[in-house]
Amino acid sequence: MNRLASSFEENANPRIIPFMMTGDPHLEVTVELIIELGRAGVTAIELGVPFSDPTADGPVIQAASERALHQQITCYDVLQVGKAVRDRGCNTPLILFSYLNPLLQYGLQKLLQDASEIGFDGLIIPDLPYEESSEIRELCMQYGIPLILFVAPTTKQRIEQIVKESQGFVYCVSSLGTTGIRSQFAPEIASFLQTVKEKSPLPVAVGFGVATPKHVAYFSQYVDAVIVGSALVQLIHEKRESLLDLDKRSYALQDIIKFVKELRK
Amino acid sequence: MSTYAHDRFGKFGGRYVAETLMNAVLELEQAFLEAIQDPSFQEDLRKLYVHYSGRPTPLTFAKRLTEYAGGAQIYLKREDLNHTGAHKINNTLGQALLAKRMGKKKLIAETGAGQHGVATATVAALLDMQCHIYMGEEDIKRQQLNVFRMELLGAKVIPVTTGSRTLKDATNEALRQWVAQVEDTFYLMGTVTGPHPYPQMVKYFQRIIGDEAEAQLKERVGRLPNDVVACVGGGSNAMGIFTAFLEETTVRLHGVEAGGKGLHTDEHAATLSKGSPGVLHGTYTYVIQDEYGQIQVAHSISAGLDYPGVGPEHAYLKDSKRVKYTAVTDKEALEAVSLLCRYEGILPALESAHAVAEAIKLARKRTKEEIILVCLSGRGDKDVETIRAYKGEKK
């Protein structure tokens with residue numbers, strides 16, 4: 001069994017999958033955050049590659065992407081962060097999260113080869129719908145990197161096909177719109193999640209807007225994991241000054257870990 | 001990339017959108033294919049073209065400009081004489097009729113120069129639909145007149161303050177808003193790019209430019225042109241005029257990109273000349289990007305050409321060498337504005353002036369018997385401030 005599947009087995013619900021923008025506020029901080037989050041028992045970590053045109057993202061992750069680009073973070077750096085944490089013995093599943101274009105320019109084959117050698121455990125491409133995914137899915141299988149596919153409330157009759165072809169887990173989009181903290185969710189979401197859960201042979205995770213322990217408790221009734229992106233990215237940004245200050249870093253890290261741990265309460 | 005299919009032009013095209021939008025683009029494709037088979041849809045569209053937009057647009061022989069260039073005869077397809085002043089209305093009428101037919105209540109669109117925004121706001125008023133236009137803050141500054149026009153027409157213009165604050169970022173924001181309101185909202189894309197079926201659909205609604213021009217030329221001079229010239233930003237007027245001639249192998253086709261301050265600088269919008277294949281705004285095409293796949297800021301004096309991507313069919317036509325893509329600088333385009341004003345009494349849009357500049361260069365290399373057909377895609381009233389500012393700087 002691979003690391004991602006084992007992690008789903010070993011951890012109990014509520015399982016948390018945090019998303020971070022790599023290099024925001026600094027590559028070193030990202031490395032520390034991954035290690036601490038791993039110790040805190042998250043199920044997997046999504047590591048974002050910044051992109052100039054993140055059309056699936058709301059203001060918080062757009063801004064994080066811009067900050068990372070400002071520091072010239074590239075696909076290569078994200079892979080190197082993975083290598084750094086693996087070298088330090090971190091065994092938490094790592095999922096590379098990137099829009100398609102930076103991956104195409106890196107070279108898909110090279111990317112998967114490098115990701116597999118370093119020890120990445122999954123790939124998420126928000127602008128690659130199922131219909132465009134066959135070639136990349138094949139490559140992913142060849143290198144043993146699961147390609148995680150999305151289903152959304154608008155997916156309708158295509159759910160069945162997508163959950164069959166997804167690997168690792170199925171990424172359920174909680175609601176229409178881009179990523180970003182939401183205060184509430186449409187009541188229809190429960191039946192949508194139940195449908196996906198019934199049809200999916202894989203674990204199901206829900207993301208987009210999940211920000212509070214209440215959200216986590218609610219979604220954990222229906223699915224196997226929740227993905228927390230903007231809320232965490234926002235918190236990391238708020239603590240950037242302490243995170244960048246070696247004297248204050250460990251306190252800031254503790255605050256962030258506390259936030260993630262509390263999500264599970 | 002997946003296997004070549006109906007949603008591709010060779011290896012280019014596809015639909016690289018968020019899963020949330022997939023159902024919408026699939027429904028749109030279905031609705032579009034049904035609509036164009038329906039004679040009543042075609043008749044409604046034809047009536048709007050004729051009685052509302054003023055089609056067919058004239059074909060003008062540019063006699064004095066031809067004499068000035070001293071070579072081939074230059075004919076202008078006068079899309080500037082459409083209602084709202086550019087070819088953009090051909091597409092917005094078609095898509096808005098389709099939106100209405102699909103039961104959508106709200107139109108959203110991106111705009112660069114504001115021409116597509118005005119054309120969308122216009123059809124929204126005509127067909128009683130709500131309309132939100134996303135426009136980069138930088139473009140809002142450059143094109144204040146068009147912003148005011150859109151507001152007069154009842155549209156809400158939403159400034160986009162992310163990234164380069166131009167068309168690229170306006171398109172990002174329109175896509176994001178579409179994801180949020182996909183159930184009752186129709187995204188009226190302004191050019192032949194975006195996810196399938198937009199490139200094919202926009203081309204379908206624009207091909208009337210070339211179909212008319214071909215018939216008009218045959219009637220006037222009894223033959224096909226030797227060269228067809230159009231400017232290319234996203235590439236809708238160019239696809240519009242090229243499509244009628246794609247199978248006519250004797251007709252040379254020329255797409256003219258914005259060379260900005262020159263192709264030797266970083267300040268241009270010559271996506272096909274200087275870019276490389278990548279994915280932007282839902283399609284695999286040529287884009288201006290760095291080695292890490294980050295999309296770069298395009299530059300042109302013309303807000304309508306200032307886009308670091310291009311329609312995927314143009315990418316295909318470039319690689320298959322059916323169309324020759326060249327670039328004209330800001331300076332050359334401005335000279336062409338003056339020439340067309342002085343010799344023909346026509347103030348062209350800065351976008352269209354790129355095509356005029358290339359046509360003059362070409363005409364000089366051709367014999368007097370040859371014919372060059374130019375797509376004069378829009379009128380230049382919106383650019384008067386920009387032109388005046390530039391001329392002021394030069395003094």
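The values are calculated or read from the model by the stated rules, or taken from the named source; none is laboratory data. Note that the structure is predicted; figures quoted are calculated from it, not measured. Neighbour counts are summed over all protein chains in view; Cβ atoms, including those assigned to glycine, are modelled from backbone coordinates with ideal geometry. In case anyone asks, the SASA skips ligands and DNA or RNA and just uses the protein heavy atoms, side chains included. Shrake-Rupley method; radii C 1.70, N 1.55, O 1.52, S 1.80 Å.
Go through region A:152-172 and give me each residue that's within 11 Å of chain B (Cβ to nearest Cβ), part of a loop (DSSP other than H, G, I, E, B) and at positive phi.
The answer is none; no residue qualifies.
Condition test on B:Ala24, is it in contact with a Ser or Thr (Cβ under 9 Å, 6 or more places away or on another chain), at pLDDT below 95 and of a type in the set (A, V, I, L, M)?
When the stated conditions are applied, B:Ala24 passes them.
Residues in region B:200-215: is at least one open to solvent by less than 30 Å² (accessible area, probe 1.4 Å), out of contact with any strand residue (DSSP E or B) (no Cβ under 9 Å at 6 or more places or on another chain) and of a type in the set (Gly, Ala, Ser)?
Looking through region B:200-215, none of the residues is open to solvent by less than 30 Å² (accessible area, probe 1.4 Å), out of contact with any strand residue (DSSP E or B) (no Cβ under 9 Å at 6 or more places or on another chain) and of a type in the set (Gly, Ala, Ser).
Taking region B:147-168 as the region of interest, how many residues are in contact with a helix residue (DSSP H, G or I) (Cβ under 9 Å, 6 or more places away or on another chain) and either closer than 24 Å to B:Thr20 by Cα or surrounded by fewer than 20 Cβ atoms within 10 Å (Cβ to Cβ) (or both)?
12
Could you list, in sequence order, the residues of region A:204-260 that are of a type in the set (Asp, Glu), open to solvent by 40 Å² or more (accessible area, probe 1.4 Å) and touching a helix residue (DSSP H, G or I) at 6+ places or on another chain (Cβ under 9 Å)?
A:Glu241, A:Asp245, A:Asp255, listed by residue number.
Mind checking whether some residue in region A:25-47 is within 14 Å of another protein chain (Cβ to nearest Cβ), surrounded by 22 or more Cβ atoms within 10 Å (Cβ to Cβ), at pLDDT 95 or above and touching a strand residue (DSSP E or B) at 6+ places or on another chain (Cβ under 6 Å)?
No; the residues of region A:25-47 include none that is within 14 Å of another protein chain (Cβ to nearest Cβ), surrounded by 22 or more Cβ atoms within 10 Å (Cβ to Cβ), at pLDDT 95 or above and touching a strand residue (DSSP E or B) at 6+ places or on another chain (Cβ under 6 Å).
Can you pull out the residues in region B:342-355 that are part of a helix (DSSP H, G or I) and touching a residue at least 24 places away in the same chain (Cβ under 8 Å)?
B:Tyr343, B:Glu344, B:Leu350, B:Glu351, B:Ser352, B:Ala353, B:His354, B:Ala355
Filter region A:75-94 down to residues that are surrounded by 23 or more Cβ atoms within 10 Å (Cβ to Cβ) and within 24 Å of B:His281 (Cα to Cα) and give me whichever is nearest to the other protein chains (Cβ to nearest Cβ).
Residue satisfying both the conditions and the ranking: A:Cys75.
If A:Ala56 meets every condition in (1) of a type outside the set (Lys, Arg); (2) at pLDDT below 95; (3) open to solvent by 20 Å² or more (accessible area, probe 1.4 Å) apart from one, which number is that one?
(3)
Can you find a residue in region B:1-14 that is within 21 Å of the chain's Cα centre (by Cα), modelled with pLDDT of 95 or more, within 28 Å of B:Cys131 (Cβ to Cβ) and open to solvent by 10 Å² or more (accessible area, probe 1.4 Å)?
Looking through region B:1-14, none of the residues is within 21 Å of the chain's Cα centre (by Cα), modelled with pLDDT of 95 or more, within 28 Å of B:Cys131 (Cβ to Cβ) and open to solvent by 10 Å² or more (accessible area, probe 1.4 Å).
Pick out the one residue from A:Ile136, A:Ile145, A:Ile124 that is more than 14 Å from every other protein chain (Cβ to nearest Cβ) and open to solvent by less than 10 Å² (accessible area, probe 1.4 Å).
Answer to the selection: A:Ile145.
Here are B:Leu107, B:Leu97, B:Leu65: which of them is surrounded by fewer than 22 Cβ atoms within 10 Å (Cβ to Cβ) and in contact with a helix residue (DSSP H, G or I) (Cβ under 8 Å, 6 or more places away or on another chain)?
Testing whether each residue is surrounded by fewer than 22 Cβ atoms within 10 Å (Cβ to Cβ) and in contact with a helix residue (DSSP H, G or I) (Cβ under 8 Å, 6 or more places away or on another chain) leaves just B:Leu97.
Out of B:Thr185, B:Thr162, B:Thr166, which single residue is within 16 Å of the chain's Cα centre (by Cα), at negative phi and within 14 Å of chain A (Cβ to nearest Cβ)?
Going through B:Thr185, B:Thr162, B:Thr166 in turn, just one is within 16 Å of the chain's Cα centre (by Cα), at negative phi and within 14 Å of chain A (Cβ to nearest Cβ): B:Thr166.
From the list B:Ile346, B:Ile301, pick out the single residue that is over 19 Å from the mean Cα position of the chain (by Cα), more than 14 Å from every other protein chain (Cβ to nearest Cβ) and among the β-branched types (Val, Ile, Thr).
One residue alone meets the criteria, B:Ile346.
Scan region B:197-225 and report the pairs whose first residue is polar (S, T, N, Q) and whose second residue is surrounded by fewer than 22 Cβ atoms within 10 Å (Cβ to Cβ) and at pLDDT 95 or above, with Cβ atoms within less than 6 Å and a gap of 6+ or a chain change.
What qualifies is B:Gln216/B:Leu59.
Any residue that is within 15 Å of B:Leu28 (Cα to Cα), among the small types (Gly, Ala, Ser), within 14 Å of chain A (Cβ to nearest Cβ) and open to solvent by less than 40 Å² (accessible area, probe 1.4 Å) - is there at least one of those in region B:171-182?
No - not one qualifying residue is present in region B:171-182.
For region B:101-133, which residues satisfy the criterion of being at positive phi and in contact (Cβ under 8 Å) with a residue 12 or more places away in the chain?
Within region B:101-133, B:Gly114 is the sole residue that qualifies.
Here's a check for you: in region B:278-299, which residue that is touching a Ser or Thr at 6+ places or on another chain (Cβ under 7 Å), touching a residue at least 24 places away in the same chain (Cβ under 8 Å) and of a type outside the set (Phe, Trp, Tyr) is farthest from A:Pro54 (Cα to Cα)?
Applying the filter and picking the extreme gives B:Thr285.
B:Gln95 is checked against (1) in the same structural domain as B:Gly234 (by the TED database); (2) part of a helix (DSSP H, G or I) and fails just one. What number does that condition carry?
Just one mismatch for B:Gln95, condition (1).
Any chance region B:41-62 includes a residue that's farther than 21 Å from B:Ile209 by Cα, open to solvent by less than 70 Å² (accessible area, probe 1.4 Å) and modelled with pLDDT of 95 or more?
No, region B:41-62 has no match at all.
In region A:5-19, what count of residues is obtained for those that are closer than 18 Å to A:Lys83 by Cα and buried (at least 24 other Cβ atoms within 10 Å of the Cβ)?
0
So which strands (runs of 3 or more DSSP E) are wholly in region B:229-335 and hold at least 1 residues that are small (Gly, Ala, Ser)?
Result: B:252-260, B:276-280, B:323-329.
Do you know which residues across region A:148-159 are open to solvent by 10 Å² or more (accessible area, probe 1.4 Å) and within 18 Å of the chain's Cα centre (by Cα)?
A:Phe150
Going residue by residue through region A:181-188, is there one that turns out to be touching a Phe, Trp or Tyr at 6+ places or on another chain (Cβ under 6 Å) and either facing chain B (nearest Cβ under 10 Å) or among the acidic types (Asp, Glu) (or both)?
Among the residues of region A:181-188, not one is touching a Phe, Trp or Tyr at 6+ places or on another chain (Cβ under 6 Å) and either facing chain B (nearest Cβ under 10 Å) or among the acidic types (Asp, Glu) (or both), which makes the answer no.
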